[in-house]
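The values are calculated or read from the model by the stated rules, or taken from the named source; none is laboratory data. This structure is a prediction, so every number in the text was calculated from the model and none was measured. Here the Cβ is made from the backbone with ideal geometry for all residues, glycine too, and neighbour counts use every protein chain on show. Accessible surface areas use protein heavy atoms only, side chains included; no ligands, DNA or RNA. Shrake-Rupley method; radii C 1.70, N 1.55, O 1.52, S 1.80 Å.
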Amino acid sequence: QVQLVESGGGLVQPGGSLSLSCAVSGSTLNSYSIGWFRQAPGKEREGLSYVSGTDGYWYEDPGKGRFTIARDNAKKMVYLQMYRLKLEDTGIYYCAAARDGGFSRWAANVIEYWGQGTPVTVSS
């Protein structure tokens, strides 16, 4: 069992930066990939990035070049630093966990555990 609690969402202007945090608790974290999804209004949930239990990093297209994921095993935290934010980055951001080795693509259908989500609004 894995519990995920996000924090750090809010309102930011276009071009600004924002950092999200995910507190992870529960089962052995080395067995899970932990990462981020987002869901824009009226759209499907899409994968952004994850870090594996062996500290491998992966970014899906929406996050490449502007988002950075980091994992602090001692604090049991996963972070998503977002830069040069755009209006289309607005949405609910979710922390998620999937068992290592159980997927080939960071997609919603492979996720075992979800956080409750934190809203990000990019607006001038």
### Query
Taking the simple approach of a point 7 Å from Cα along Cα-to-Cβ for both Arg66 and Ala23, what is their distance in nm?
2.9
### Task
Roll a 1.4 Å probe over the protein chains and send me the accessible area per residue for the chain in Å².
50
## Note on the structure
Using alpha-carbon coordinates alone, the radius of gyration and Dmax of the chain in Å work out to 13.4, 42
### Message
Using only the alpha carbons of region 1-60, what is the convex hull's orientation-averaged projected area in square nanometres?
### Response
5.3
### Query
If you roll a 1.4 Å probe over the chain with all protein chains in place, what percent of the accessible area is carbon or sulfur?
49
### Task
Sketch the reach of a paramagnetic label on Asn30 as a point 7 Å from Cα along Cα-to-Cβ, and name the residues of region 36-67 whose backbone nitrogen lies under 16 Å away.
52-56
### Message
Just to verify a number: what accessible area does Cys95 come out at with the full protein assembly present, 1.4 Å probe, Å² rounded to tens?
### Response
0
### Message
Under a crude label model (7 Å from the Cα following the beta-carbon direction), how far is Thr54 from Leu11 in nanometres?
### Response
4.6
